[in-house]
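The structure appears below as structure tokens.
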Amino acid sequence: TPDIKPLVVGNWKMNGDRSMLDQLALTARGLDDDLSERVDVALCPPATLTYVTTTLVEDTNLLVGAQNCHAQEKGAHTGDISAEMIADCEAEFCIVGHSERRTEHGESDATIRAKVEACWRAELTAIVCIGETETQYDAGEAEAVLGRQLMESVPDGANENTTVIAYEPVWAIGTGKTPSPDDVANIHAFLRDRLVERFGGPGERMAILYGGSVKPDNAAELMSVVNVDGALVGGASLKAQDFLAICEVY
Ligand code: PEP
């Protein structure tokens, strides 16, 4: 989309210890002013590395996010991390509702919606993930599922500064399979229509990322699809060279 600045986000998932900080520094160093004029780039390491990461990349163009948060600000929630704590680590983004959270932790759309509101409260930009399973895709239910997730996971009042949508077909995550560019175009057009219908102008300006097996060798094709405003990258974000190659399609 012409007037949306592209955004590429790396999701390290439950990977990464301090020995991987050199990959992080390499990514930050590769992100020169020229490239970051064209594309915003964020990395979401595990929460154990959030603060050391923001410290390390402070004077670079690399942005930092977290992978999940709790809906409450604080309290008796052993093992959880609030959006405020993430903001206190000077991160700017938080992924919410990733399919692995939906599946492994039973997160519902209502839970995710509350977490997005928590992100807004803490002034984090929420990256809200939606996606159909392979069964739903095969049954021709993708749009119905995505429409519902979009409606129920994204709170009223979302805009382009507070919210990014990530379309991640569950069957494409970590599998090496991707939808065809035509399929991606159809889904992203559908999502754009729903966003504009619900949010008006802000819905026109909200970034819609594609995620699921984005690699250096397919990124150019996927990122050139209309209404694809960037990527959410799992596996290929772990190596600076691969991640930068994806960013450099812009
Ligand atoms: C993800 O989990 O957000 C993702 C897109 O993973 P991968 O790139 O490894 O498929």
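The values are calculated or read from the model by the stated rules, or taken from the named source; none is laboratory data. In this text the structure is predicted, and so the values were computed from the model without any measurement. Neighbour counts are summed over all protein chains in view; Cβ atoms, including those assigned to glycine, are modelled from backbone coordinates with ideal geometry.
With the structure loaded, tell me whether Ile81 is at pLDDT 95 or above, more than 16 Å from the ligand (Cβ to nearest atom) and either under 17 Å from the mean Cα position of the chain (by Cα) or on the phi < 0 side of the Ramachandran plot (or both) or whether it fails that test.
yes
Just checking, how many residues over segment 224-243 are away from the ligand (no atom under 11 Å from the Cβ), touching a Pro at 6+ places or on another chain (Cβ under 9 Å) and of a type outside the set (Asp, Glu)? Reasoning before the result, please.
At the first step, the residues of segment 224-243 found to be away from the ligand (no atom under 11 Å from the Cβ) are 224-230, 239-241.
Pick out the ones that are also touching a Pro at 6+ places or on another chain (Cβ under 9 Å) and you get 224-225, 228-230, 241.
Imposing the further condition that a residue be of a type outside the set (Asp, Glu) reduces the set to 224-225, 228, 230, 241.
So the answer is 5.
Within segment 1-99, which helices (runs of 4 or more DSSP H) (wholly inside it) include 3 or more residues that are loosely packed, with under 14 Cβ neighbours inside 10 Å?
Here the list reads 33-38.
Mind checking which residues of segment 161-170 are out of contact with any strand residue (DSSP E or B) (no Cβ under 6 Å at 6 or more places or on another chain) and within 10 Å of the ligand (Cβ to nearest atom)?
Pro169, Val170, listed by residue number.
Exactly one condition in (1) buried (at least 21 other Cβ atoms within 10 Å of the Cβ); (2) of a type in the set (A, V, I, L, M); (3) under 17 Å from Leu209 (Cα atoms); (4) touching a helix residue (DSSP H, G or I) at 6+ places or on another chain (Cβ under 8 Å) is not met by Ile112; state its number.
Checking Ile112 against (1) buried (at least 21 other Cβ atoms within 10 Å of the Cβ); (2) of a type in the set (A, V, I, L, M); (3) under 17 Å from Leu209 (Cα atoms); (4) touching a helix residue (DSSP H, G or I) at 6+ places or on another chain (Cβ under 8 Å), the one that fails is (3).
Taking Glu221 and the conditions (1) in contact with a Pro (Cβ under 7 Å, 6 or more places away or on another chain); (2) surrounded by 17 or more Cβ atoms within 10 Å (Cβ to Cβ), which numbered condition does it fall short on, given that it satisfies the others?
Only one criterion in (1) in contact with a Pro (Cβ under 7 Å, 6 or more places away or on another chain); (2) surrounded by 17 or more Cβ atoms within 10 Å (Cβ to Cβ) is unmet by Glu221, namely (2).
Restricting to segment 103-114, name every residue that is over 15 Å from Gly234 (Cβ atoms), within 16 Å of the ligand (Cβ to nearest atom) and of a type outside the set (Val, Ile, Thr).
Listed by number, the residues that qualify are His105, Glu107.
Within the set of pairs 6 or more residues apart or between chains, which connect a residue that is over 24 Å from Thr163 (Cα atoms) inside segment 227-250 to a residue that is among the aliphatic types (A, V, I, L, M) and surrounded by fewer than 24 Cβ atoms within 10 Å (Cβ to Cβ) with Cβ atoms less than 6 Å apart?
Matching pairs, first to second residue: Ala240/Leu26; Asp242/Ala236.
I'm checking my understanding of the structure. Among residues of segment 168-196 that are in contact with a Leu (Cβ under 8 Å, 6 or more places away or on another chain) and crowded, with 19+ Cβ neighbours inside 10 Å, which one is farthest from Met223 (Cα to Cα)? Steps first, please.
Restricting attention to segment 168-196, the residues satisfying the condition of being in contact with a Leu (Cβ under 8 Å, 6 or more places away or on another chain) are 168, 178, 181, 184, 187, 190-191, 194-195.
Next, only the ones that are crowded, with 19+ Cβ neighbours inside 10 Å stay: 168, 178, 184, 187, 191, 195.
Details: Glu168: 14, Thr178: 13, Val184: 10, Ile187: 14, Leu191: 16, Leu195: 20 Å.
The extreme case among them is Leu195.
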